[in-house]
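The values are calculated or read from the model by the stated rules, or taken from the named source; none is laboratory data. Keep in mind the model is a prediction, meaning the values are calculated, not measured. So basically every Cβ, Gly included, is an ideal-geometry build from the backbone, and we count neighbours across all protein chains shown. Side chains included, ligands, DNA and RNA excluded: accessible areas come from the protein's heavy atoms. Shrake-Rupley method; radii C 1.70, N 1.55, O 1.52, S 1.80 Å.
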Amino acid sequence: MADAPREASPTPRHIRLTSHPGQGAGGALPLHWGAADPQGRGPVVGTTTQRAQRNVVGTHSGSYGVYRALAVAAGKMVRGHRADLTDTAPTDAIGPHSAWSDPERIVSIDPWGASVQQVFAPQIAAGVDIRPTIAVTKAHVHLPEIKQALAFQRLQVDGRILLDDASAAVTKIAVEPVWWLPGVARRFGVSEADLRRALFEETGGMYPELVTRSDLEVFLPPIGGQTLYVFGRVQDLADASVTLTARVHDECNGSDVFGSDICTCRPYLTHAIEECIQGAQRGGVGLIAYSRKEGRALGEVTKFLVYNARKRQVGGDSADKYFLRTECVAGVQDMRFQELMPDVLHWLGITRIHRLVSMSNDKYDAITGSGIAVDERIKIPDALVPADARVEIEAKIAAGYFTDGAVPDASALAAVKGRGLD
Ligand SMILES: [Zn+2]
């Protein structure tokens, strides 16, 4: 039996639907996406308890909102708990940058999300439940690959970026998605009505306001966000004269955390971190933008099903069937849709990436298409590609990934084989 709530909470016994126009909108602060001044823009208010204050669809914390619901249901958390934001302000000031007031440039995060404690202090003091959607802090990161790079003298301790204990000093920034639906729809070239309807239907009707409240333009989607790791001065990211080394990386738990060797994710990520450290030590700045888009945003169950399908197919795992097997299981080759990814780069004020540690044509096209210059692309060193990951990397190179080497033809691709299921 769950513990009793710490204090009696006025949990209503009746359910109040959010889908009625007029209900809850009366006392809500207006939201004018892209307005230059934060007061003119207005705060994003996704509170679940002060219903009259809500000016968005959905709520904070992405998918973790479901755990909050569990905590409330289990009596572990008082419904309506207001965050005490004392001492939570960012460790580094970021912006405002010109992109913050361009409603088409940033459509999937709240540029003011890190500084609500400051810019919306009067509204918070007046009782509006406003929460940060971005948090900025400091950390030291310890990675075995960096220790190895030190041992092989590819890296040196400098006491600023790389410390005596072989850790790297970073600023890390957590970013939750905040979607301005008219802008997201335009980014994908679809109507807002079609986008709203698909979001409504594919979440099992989870957010009725998507189709009943066209006056609510902002959606806090129940998905993972992004984490940024900055090596060097955060403010330098916005200075195009400071050399920026950057990787935009999509989550791959199997490789990133557990070292699974069927793909290049962790080796490429740690290589990028090494490049970022070297770049920062040379007077530049480094950035890893890590997006929670597990398994090409197909999810890990789909991903593991695809692994089995690849390795059990007639002829075994081969590079020429790599994308086909994914599409057979998932219905699509890739759902990461890099269209929204550059938003966070614009939030940081980035206008030029001098060294992009990525071979992905989708990422490159999205970044350059959004107006950010890319000078040089850094491929993963061949020595870092695990044997079983050759299927993936060769298939991607054949499909358009950047390489300074040979692009395999059909017969070469068919000859690239992966391991069985042993
Ligand atoms: Zn991977």
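Brief remarks follow.
- Put simply, of Ala83, Ala114 the only residue that is surrounded by fewer than 19 Cβ atoms within 10 Å (Cβ to Cβ) and in a loop (DSSP other than H, G, I, E, B) is Ala83.
- Filter result (of a type in the set (A, V, I, L, M) and near the ligand (Cβ under 9 Å from one of its atoms)) within region 257-279: Ile262
- Here Ser101 meets each of (1) at positive phi; (2) at pLDDT 95 or above with one exception, condition (1).
- Residue count, region 279-301 (criterion: assigned to a loop (DSSP other than H, G, I, E, B), farther than 21 Å from Val344 by Cα and open to solvent by 40 Å² or more (accessible area, probe 1.4 Å)): 2
- For Tyr290, the stated conditions hold: it is over 18 Å from Ala387 (Cα atoms), of a type in the set (Ser, Thr, Tyr) and either in contact with a Lys or Arg (Cβ under 7 Å, 6 or more places away or on another chain) or within 15 Å of the ligand (Cβ to nearest atom) (or both).
- Set side by side, the residues Ala166, Ala185 differ, and just one is closer than 30 Å to Ala387 by Cα and buried (at least 16 other Cβ atoms within 10 Å of the Cβ), which is Ala166.
Residue-by-condition table, conditions (1) in contact (Cβ under 8 Å) with a residue 40 or more places away in the chain; (2) out of contact with any Leu (no Cβ under 8 Å at 6 or more places or on another chain); (3) surrounded by 17 or more Cβ atoms within 10 Å (Cβ to Cβ):
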position	(1), (2), (3)
Val190	no, yes, no
Gly205	no, yes, no
Leu220	yes, yes, yes
Gln226	yes, yes, yes
Gly232	yes, yes, yes
Arg247	yes, no, yes
Thr270	yes, no, yes
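- Considering (1) crowded, with 23+ Cβ neighbours inside 10 Å; (2) within 16 Å of the ligand (Cβ to nearest atom), the lone condition that Leu210 does not fulfil carries the number (2).
- Residue count, region 148-162 (criterion: open to solvent by 60 Å² or more (accessible area, probe 1.4 Å) and farther than 29 Å from Pro90 by Cα): 6
- So Thr171, is it open to solvent by 50 Å² or more (accessible area, probe 1.4 Å) and part of a strand (DSSP E or B): no
- Matching residues, region 117-134, being surrounded by fewer than 19 Cβ atoms within 10 Å (Cβ to Cβ) and farther than 9 Å from Pro43 by Cβ: Gln117, Gln118, Ala121, Pro122, Ala125, Ala126, Gly127
- Flag: Val107 does not match the condition of being outside any loop (DSSP other than H, G, I, E, B) and open to solvent by less than 40 Å² (accessible area, probe 1.4 Å).
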